[in-house]
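**Student:** Dropping a structure here in structure tokens format, bear with me for questions.
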Amino acid sequence: MTTVHRAAPAPHRTAIAPHRLAALGVALVAALSLPQGAAAQAPAYQITFKNLTSDAVATGAATAQTGQRLSPPVFITHSDAYTAFTVGQAAPETIWRIAEGGDRSFLLNEVNALVGTSVRSVVAPLSAPLPQQNSVTVMVNADASHHLLSFASMLGWTNDGFVGVSGLDLSTITGTMTINLYGYDAGSEKNSEANGFLGALGLGNARDPEGGLITTHLGIRGDANAPAAWNWLPGPAASLTISAVPEPGSWALLLVGGLPLLHLLRKRAGAGTPHKA
């Protein structure tokens, strides 16, 4: 009797369907792209500061003679140990110097001395006022401890008006966000809008102290020497458009760790395909 030996059938392997492989790849990329822990804090942010004022269409006047020009700004990233200003409190000298005359030297001296402790970065673009409908773009650095943004710029044709933010939490911004700024009254000088006290009128910029608090600015009244065309309300005076800049290391992680894993998945898919003898 002849015995026929039959080889045991090879274990059946199930091939990974192409759509499953694609889904795994998408999930992998998404997982590697997700911030984890401290990595959620972007290392840098691009900020575009735009002067939105101009009533030229309504008044028929030249753009340069309507709305407001904005003084060269200061951008600061810092920890919660530093505060630029607080609405409802008296403006510190660093702020009222900007609000009354566009002088940012006091603020720059203060924050530059704090770099390496409570301040991470200081950016002070421009050497002349920002005209109506113009913008300037800067880049600021941040980290897990220094994730707050403050900035200030004078509403140039006011007694003591300014636009700014104090302690904006950048870590909450993962894409792009635009903030409209309507303006603050520093409360440090009376809003006389009069010759001799409003530098933009060209007849001096003497101080007329008020001793008030930082509040929302009510705009230019136009009942003294400053023309009503300098008013910007009810619209915003300026805007900030802030974009988180992805950390280059996250792309490196994807390339170094993600692509080899995708290659492994492809090999496994190929291994599961039946071969004919």
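The values are calculated or read from the model by the stated rules, or taken from the named source; none is laboratory data. This one's a predicted model, so the numbers in the text were calculated from it and none came from an experiment. Every residue, glycine as well, gets a Cβ built from its backbone with ideal geometry; the counts of neighbours run over all protein chains shown. Just the protein is used for accessible areas: all its heavy atoms, side chains included, with ligands, DNA and RNA removed. Shrake-Rupley method; radii C 1.70, N 1.55, O 1.52, S 1.80 Å.
**Student:** N225 versus Q89, label points 7 Å from Cα toward the beta carbon: distance in nm?
**Tutor:** 3.5 nm
**Student:** If you don't mind, another one. At 1.4 Å probe radius, can you tell me the per residue accessible area of the range 49-95 in Å²?
**Tutor:** 40 Å²
**Student:** Quantify, in whole percent, the carbon and sulfur part of the accessible surface of the range 185-229 (1.4 Å probe; protein heavy atoms only).
**Tutor:** 54 percent
**Student:** Still on this model: In nm, to one decimal, how far is the S105 label point from the L218 one, both placed 7 Å along Cα→Cβ?
**Tutor:** Result: 3.4 nm between the two label points.
**Student:** Report the FRET efficiency, 1/(1 + (r/R0)^6), for V115 and S192, where r is their Cβ-Cβ distance and R0 is 41 Å, rounded to 0.05.
**Tutor:** 0.60
**Student:** Rounded if a/c is under 1.5, else prolate if a/b is larger than b/c, else oblate: which is the range 56-136, with a ≥ b ≥ c the root eigenvalues of its Cα gyration tensor?
**Tutor:** prolate
**Student:** What is the range 48-183 by shape, rounded, prolate or oblate, if you read a ≥ b ≥ c off the alpha carbon gyration tensor as root eigenvalues and call it rounded for a/c under 1.5, prolate for a/b larger than b/c, and oblate otherwise?
**Tutor:** Prolate shape, in that a/c is at least 1.5 and a/b is the bigger ratio.
**Student:** On to the next question. Using only the heavy atoms of the protein chains and a 1.4 Å probe, how would M139, M154 rank by accessible area, largest first?
**Tutor:** So the residues, ranked largest to smallest area, are M139, M154.
**Student:** Give me the distance in nm between label points sitting 7 Å out from Cα along the Cα-to-Cβ direction at A81 and I179, one decimal.
**Tutor:** If labels sit at A81 and I179, their model points lie 2.2 nm apart.
**Student:** So if R0 is 45 Å, what FRET efficiency would A62 and S171 give, r being the distance between their Cβ atoms, rounded to the nearest 0.05?
**Tutor:** My answer for the efficiency is 0.60.
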